[in-house]
1. With only alpha-carbon atoms counted, please give the Rg and Dmax of the chain, in Å.
2. In whole angstrom, how far apart do the alpha carbon centroids of the stretch 185-217 and the stretch 9-24 sit?
3. Quick one: among Val132, Val199, Val163, which has the greatest mean-square fluctuation in a GNM of the chain with alpha-carbon springs under 10 angstrom?
4. Compute the Cα gyration tensor for the stretch 29-154, then decide on rounded, prolate or oblate, letting a ≥ b ≥ c be the square roots of its eigenvalues: rounded whenever a/c is under 1.5, prolate when a/b is larger than b/c in the other cases, and oblate in all that remain.
5. With a cut-off of 8 Å between alpha carbons and a minimum separation of six or more residues, what is the relative contact order of the stretch 140-198 in percent?
6. Listing Val114, Val29, Val137 from the residue with the fewest other Cβ atoms within 10 Å to the one with the most, what is the order?
7. Alpha carbon centre of the stretch 123-154 versus the stretch 52-97: separation in Å?
8. Counting only C-alpha contacts under 8 Å and six or more residues apart, can you give the relative contact order of the chain as a whole percent?
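Just so it is clear, none of the values below were taken in a lab; they were calculated from the coordinates. Note that the coordinates shown come from a computational prediction; the quantities given were computed from them, not determined experimentally. When we count neighbours, we look across all protein chains shown, and the Cβ atoms used for this are built from the backbone with ideal geometry, even at glycine.
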Amino acid sequence: MPGIYDLAELYAAQHAEFTDDIELYLRIVARFGAPVLELGCGTGRVASAIADAGYTVTGIDTSDTMLSVATERCRSSHARFERADVRRFAYDELFSTIVFPFNSFCHLATNDDVSACFESVRRSLAPGGVFVIHVHVPDPTRLARESEALFAVDSFEWHGKPVEVFESSRYCAATQLDDITWYFELDDETISRSFTLRVFYPRELEAVCELNGFSIIERYGDYDGTQFGPDARHQILVTRPNKAT
């Protein structure tokens with residue numbers, strides 16, 4: 001069944017103007033170094049910015065259509081894009097910074113998925129390297145809304161024509177999985193795609209890191225570097241694997 005990420009060009013256009021997180025990742029890379037590995041790189045929005053800043057970056061994703069767009073949009077010699085599963089990847093080189101931006105961590109639907117990802121990251125980090133995770137803080141109002149209801153979530157232009165995006169969702173509190181459908185309203189058709197994201201609450205995400213042998217060394221509540229607190233909209237965790245004992 002087609003997924004949201006087979007609409008790579010439409011997805012890229014939808015997020016083309018979003019740059020809020022770029023400066024944060026560039027500051028982190030400047031501190032902890034390259035080479036950089038981006039997990040779930042999609043159309044290369046973040047990886048391209050890192051490469052344009054002069055850092056060597058590898059982006060991995062399982063979507064061939066997304067990787068094709070990423071390769072086309074980023075011609076920098078500092079970047080490469082490869083097909084790989086974020087739960088199972090291995091490289092001969094070690095990375096100083098591994099990033100998992102823009103809620104993509106939420107595609108890890110099971111605890112086994114999460115553990116496999118952390119293990120691959122552990123094997124791939126250089127000594128002193130960091131693993132950066134971003135997910136939104138869950139919104140209880142949104143999760144409680146009626147599953148049949150449609151909500152406007154975005155608008156943008158594609159090939160010079162307006163596109164409106166509506167969303168319906170069905171959240172299961174037992175599994176913490178949110179089944180989401182996006183409806184792209186174009187001038188002559190509606191395209192719908194569904195996907196599932198896992199919801200991670202702040203204390204839960206903290207425990208997930210600890211149980212997988214990673215310590216949180218910094219935690220931000222927004223892209224401007226604001227420390228995480230009760231009004232935070234984002235969970236941005238800079239983590240590092242614990243030393244073997």
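1. Rg then Dmax for the chain, in Å: 17.8, 62.
2. Each part's Cα centre sits 17 Å from the other's.
3. Looking only at Val132, Val199, Val163, the largest GNM fluctuation is found for Val163.
4. Values: a/c = 1.95, a/b = 1.48, b/c = 1.32.
It is prolate, given that a/c is not under 1.5 and a/b is the larger ratio.
5. On the way: 105 pairs, mean separation 15.4, N = 59.
In percent, rounded to a whole number, it is 26.
6. Values: Val114 20, Val29 23, Val137 17.
Fewest to most other Cβ atoms nearby, the residues stand as Val137, Val114, Val29.
7. 21
8. Details: 481 pairs, mean separation 40.5, N = 245.
Normalised by residue count, the contact order of the chain is 17 percent.
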